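Before any comments, here is the structure.
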Amino acid sequence: MKLLALVLLLSAGFISCKKDDDSATPSSSASVTQGKWRVTLYNDSGNDETNHFTGYEFVFSSGGSVTASKSGAATVTGTWSTGTDDSQNKLYLTFTSNNDFIEITDDWHILQQTSAKIQLEDVSGGNGGTDLLTFEKI
């Protein structure tokens, strides 16, 4: 029952789009726009690369921009949006600088989302590997 309620809640906050549709816009009611987030897991096809994001604080704006900042490091900016593809809720992340951040540029399937945690998954089309990304509210 909790899973059904979560799916309905997520569905209400997302805008339907196709995978290659750049018109997806972030939902202003999405909990991701509230507060600061950190990466607590980034697993790239079985390799734990979470440490690449240690100390970064992510802020997702309701206008679709995302900023990752870390004391003593350059601020990294990108964009985000939500949508659905093949009936799966997605979080689309795009970064064009910093190789670590380019690695998380993708259309992430939302496994679970609460007001304090977002668990994401991407199955690579090329090598068939599975990437996992988790954000937790600071």
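Each 10 Å bin from 0 upward holds the following percent of the Cα-Cα pairs of the stretch 53-129: 17, 48, 30, 5, 0. Per-residue accessible area (protein heavy atoms, 1.4 Å probe) orders K70, K36 as K36, K70, starting from the largest. Put H109, H52 in order of accessible area, highest first, and with a 1.4 Å probe you get H52, H109.
Per-residue Karplus couplings for the stretch 67-82, computed as 6.51 cos²θ - 1.76 cosθ + 1.60 with θ equal to phi - 60°, are listed in order as 10, 10, 10, 8, 4, x, 10, 5, 6, 10, 10, x, 10, 9, 7, 10 Hz, Gly and Pro entered as x. Within the assembled protein chains, the solvent-accessible surface assigned to S124 is about 40 Å², based on a 1.4 Å probe.
The fraction of accessible area contributed by carbon and sulfur in the stretch 33-104 is 41 percent, rounded to a whole number (1.4 Å probe; ligands and nucleic acids excluded). Rolling a 1.4 Å probe across all protein chains gives T75 an accessible area of roughly 80 Å².
Per residue, the stretch 39-138 exposes an accessible area of 47 Å² to a 1.4 Å probe, with every protein chain left in place.
The values are calculated or read from the model by the stated rules, or taken from the named source; none is laboratory data. Quick caveat, the model's predicted, so the values are computed rather than measured. Each accessible area value is taken on the protein alone, full model and side chains, heavy atoms only, with ligands, DNA and RNA left out. Shrake-Rupley method; radii C 1.70, N 1.55, O 1.52, S 1.80 Å.
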